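The structure appears right after this line, and notes come after that.
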Amino acid sequence: MPVQILMPALSPTMTEGNLSKWLKREGDKVKAGEAIAEIETDKATMEVEAVDEGILGKILVAEGTQGVAVNTPIAVLVEEGEEVGDLPTMDIPCVPQSKPEVSAPARMSEARQSEGKIIENRDILYAQGYVLEPPPFDESEFTEVRAMTVREALRDAMAEEMRTDDLVYLMGEEVAEYQGAYKVSQGLLDEFGPRRVIDTPITEHGFAGLAVGSAMNGLKPIVEFMTWNFGMQAMDHIINSAAKTLYMAGGQLGCPIVFRGPNGAASRVGAQHSQCFASWYAHIPGLKVVSPWSAADAKGLLKAAIRDPNPVIFLENEMMYGQSFEAPVNDNFVIPIGRAKIEREGNDVTIVAYSIMVGKALKAAEQLAEEGISAEVINLRTIRPLDRYTIIESVKKTNRIVSVEESWPFAGIGSEIAALCMEHAFDYLDAPVARVCAADVPLPYAANLEALALPQAEHIVEAVKKVCYAN
Amino acid sequence: MTSSKTKKKPKLRSISNTNPEPSAEEMKKLYREMLLIRRFEEKAGQLYGMGLIGGFCHLYIGQEAVVTGITSVQEKQDTVVTSYRDHAHMLACGMDANGIMAELTGRVTGYSRGKGGSMHMFSREKNFFGGHGIVGAQIPLGTGLAFSNKYKGTDRVCLTYFGDGAANQGQVFESFNMAELWKLPVVYVIENNQYAMGTSLARASAETHLYKRGASFNIPGEEVDGMDVLAVKEAGDRAVKWCRDGKGPIILEMKTYRYRGHSMSDPAKYRTKEEVESYKETRDPIARLMGRMNEAGIAEEDIKSIDNDVKKIVNESAQFAQDSPEPDSDELWTDVLVEMQ
Ligand SMILES: Cc1ncc(C[n+]2csc(CCOP(=O)(O)OP(=O)(O)O)c2C)c(N)n1
Ligand SMILES: [Mg+2]
């Protein structure tokens, strides 16, 4: 029986790759385990091995083909004397790998944004619970854009800031020679050398503390955690050493540092590798917490985080790294921390989301529009300090709000938003605040259970209908 | 940062008691520093008893030779970081006694404007980076200060102090590894006062010779009589040079002793009175130096005048602290974040 060779996945999140090279020709004999082709993704290169012994009967995907979906048949292996033509049809029993559902708007949003205000002592007033207009920022000025992935945007942000400030350096596991565990730091070692792009041992507590110490003495470290799950090892230094020193020192010395890395669920990596830390860190006075969704967010916010004189927690999402968006090319595109973005205007209900959930919220909004419900989607961008103003102003208009996050419900960001609405929009609400969160369980591995545990667009649609009393 | 193969290093070794003959001036200076620490700590103890100092208050009495000896060989731009038992380190760095005492009493004139307290004080000006309340946290921080010194291309060294108890924290070994790997200029000064709160070294450490703790990272270590300021000075001098020459980190284990309780309330059940007394009577660092000063024929009136100076500074600091106001209630909200405009 001819056997089909399928395009393999190199990682849990890979959906497609390039077939860079065939190592065997049609008619060549192959042994089981022998390399027959090379494939690559933006993250890695790997050889495809024959699973069986036989003859490479037919190559179905030519070398150099880009964007070959995982599980596409790329070749047929036949036994001696067997004809490829014997093959019935190309009816492949493969599991369709769905692309992560994110609606990336082709153009930058045209929704009307909050006015902004320069406010002195903003941080103190925020700390006291005032609802302040966010810092001003006119994104429409940045007209020159190009398509880039979130991954490239993050890399470019670091490279641009490192070019202008020698005090900025990048440190973490596999950031230099390996080019980043998720290839975010690709090319940085080449450009900046080993003094500024530093591979560390696997020692999160130690290197986080080391970076904090260097920041106290004026350096501006970017610490990459391979994922935020491992950042838990370093929590003491993030909170006790980085966040509190400025206060304990009466303002004498602070800690200009960025801790960044992928946060939240990736795909099928189980409970220990899938967790959202937004509410953990947002709980801490002395930290800023940022969580981008699009490439523009990633670029503009990471630049802001690096320039910020305070410790900034930068929560990325692995599922977003390969997504392309249009993003401004201008080096001065720096999004003020503390300013949300209205991604889509609407009148009937406000949906607040951050990171990967913004895409799901937009998808839900589209579906709702078809059913006659006009949803406004707010991309928080910054978790702390929260842009309370943009949220409250939107609720004043829509009178209904649904908060969406990939984190658990208890004491989550949604709880904070619910409290905010109680305190500042009570009289405007026509329905109780609704929260869409992850199921309150450690994230399961099985594909069906995992999908059940994470918020999906249909959960958002459901919650919106509930607050709109619509069916 | 690249690592290079180590050159020949001094072997791990014990007690180097080669005290060279110090000059009279040098001895007077060391004496003054140690006395200032002792008198300051005694005064802090009194103010604590009067309810003017709150919370934890960890006194350094008995250990004066360690920080005094090391500080005498470091340079102004060298960076320093330590634990919560930090008053002495600040005085030794040249920070103002008034500002320290005012911080202890929670006054606005304190180094942290009353927001840090006994365990959390800093001085950018004197390159003193705290004052850290989490046992062991200062070790990666100090390693990072050394990293920054090297990154900036200076020859500055970081003196990183920690206790025998802290020596068991995992982050110590994480730091040792990186420090040697990247040849960072850091002197790890282990203040082995033989107890971590009520737990003796032997009850907590499988290997009680702490100077050997860097062995598996190729970091040289030395055991030093930490009750002898001249021995400390001599070992410190060598260690600082080692770092300044770009040879990487080094460990000094200071065998020392604290006379007072761990903090102010201490059951004192974990050691005998006799043990404490024997240290005070036979090993006291100030008395030992005094012996050397007498031998060297330093005039009594010179010593008296130092005593008076010190007394004056300490009394003034207590008065200054008590006369200073508490922080304004607005201070509650400031310094959470650096304001960006
Ligand atoms: C991580 C941590 N665990 C426990 C404590 C409580 N604690 C404070 S001091 C101390 C003993 C430390 O002893 P050592 O390192 O020998 O320093 P010494 O007090 O003798 O100077 C302990 C357990 C703490 N502050 N931090
Ligand atoms: Mg001790």
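The values are calculated or read from the model by the stated rules, or taken from the named source; none is laboratory data. Quantities reported herein were computed from a predicted structural model and do not represent experimental measurements. Because the Cβ atoms are built from the backbone with ideal geometry, glycine has one as well, and the counts that use them run over all protein chains shown.
Structural remarks
- Among the strands (runs of 3 or more DSSP E) confined to region A:3-56, the ones with at least 1 residues that are closer than 20 Å to residue A:321 by Cβ are located at A:16-22, A:35-40, A:45-49.
- Matching entry among B:47, B:52, B:35 (being away from ligand 1 (no atom under 16 Å from the Cβ) and under 18 Å from residue B:306 (Cα atoms)): B:35
Listed here are the residues, each with its yes/no results for (1) modelled with pLDDT under 85; (2) loosely packed, with under 15 Cβ neighbours inside 10 Å.
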{"site": "A:14", "(1), (2)": "yes, no"}
{"site": "A:24", "(1), (2)": "no, no"}
{"site": "A:27", "(1), (2)": "no, yes"}
{"site": "A:30", "(1), (2)": "no, no"}
{"site": "A:50", "(1), (2)": "yes, no"}
{"site": "A:67", "(1), (2)": "no, yes"}
{"site": "A:86", "(1), (2)": "yes, yes"}
{"site": "A:95", "(1), (2)": "yes, yes"}
{"site": "A:100", "(1), (2)": "yes, no"}
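- Strands (runs of 3 or more DSSP E) (entirely within region A:178-268) containing at least 1 residues that are of a type in the set (Asp, Glu) and more than 7 Å from chain B (Cβ to nearest Cβ): A:197-199, A:220-224
- Some residue of region B:238-252 being within 13 Å of ligand 1 (Cβ to nearest atom), more than 14 Å from chain A (Cβ to nearest Cβ) and in a loop (DSSP other than H, G, I, E, B): no
- Helices (runs of 4 or more DSSP H) fully within region A:383-465 counting 2 or more residues that are surrounded by 20 or more Cβ atoms within 10 Å (Cβ to Cβ) and not aliphatic (A, V, I, L, M): A:388-398, A:413-424
- Any hit, region A:247-261, residues being within 28 Å of residue A:447 (Cα to Cα) and either of a type in the set (Lys, Arg) or touching a residue at least 24 places away in the same chain (Cβ under 8 Å) (or both): yes
- Taking region B:118-129 as the range and being assigned to a loop (DSSP other than H, G, I, E, B), touching a Phe, Trp or Tyr at 6+ places or on another chain (Cβ under 7 Å) and more than 7 Å from chain A (Cβ to nearest Cβ) as the test, the residues that pass are B:118, B:119, B:121.
- The single condition among (1) within 24 Å of residue B:139 (Cβ to Cβ); (2) free of Cβ contacts under 8 Å to residues at least 24 places away in the same chain; (3) surrounded by 13 or more Cβ atoms within 10 Å (Cβ to Cβ) that residue B:236 does not satisfy is (2).
- Helices (runs of 4 or more DSSP H) fully within region B:264-341 counting 3 or more residues that are at pLDDT 95 or above, within 14 Å of chain A (Cβ to nearest Cβ) and at positive phi: none
- Any chance residue B:183 is out of contact with any Leu (no Cβ under 8 Å at 6 or more places or on another chain), more than 8 Å from every other protein chain (Cβ to nearest Cβ), of a type in the set (D, E, K, R) and farther than 21 Å from residue A:233 by Cα: yes
- Count of region A:364-403 residues which are touching a His at 6+ places or on another chain (Cβ under 8 Å) and hydrophobic (A, V, I, L, M, F, W, C): 1
- Only residues that are aromatic (Phe, Trp, Tyr) and in a strand (DSSP E or B) were counted across region A:299-357, and they come to 2.
- Looking only at residues in region B:130-146 that are outside any helix (DSSP H, G or I) and touching a residue at least 40 places away in the same chain (Cβ under 8 Å), the one that is farthest from residue A:242 (Cα to Cα) is B:135.
- Test result for residue B:257, within 14 Å of chain A (Cβ to nearest Cβ), within 16 Å of ligand 2 (Cβ to nearest atom), surrounded by 21 or more Cβ atoms within 10 Å (Cβ to Cβ) and hydroxyl-bearing (Ser, Thr, Tyr): no
- Flag for residue B:173 being surrounded by 24 or more Cβ atoms within 10 Å (Cβ to Cβ), within 16 Å of ligand 1 (Cβ to nearest atom) and either in contact (Cβ under 8 Å) with a residue 12 or more places away in the chain or of a type in the set (Asp, Glu) (or both): no
- Count - residues of region A:425-447 that are within 28 Å of residue A:369 (Cα to Cα) and not charged (D, E, K, R): 12
- In region B:151-170, residue farthest from ligand 1 (Cβ to nearest atom) [restricted to those that are buried (at least 24 other Cβ atoms within 10 Å of the Cβ) and closer than 20 Å to residue A:217 by Cβ]: B:157
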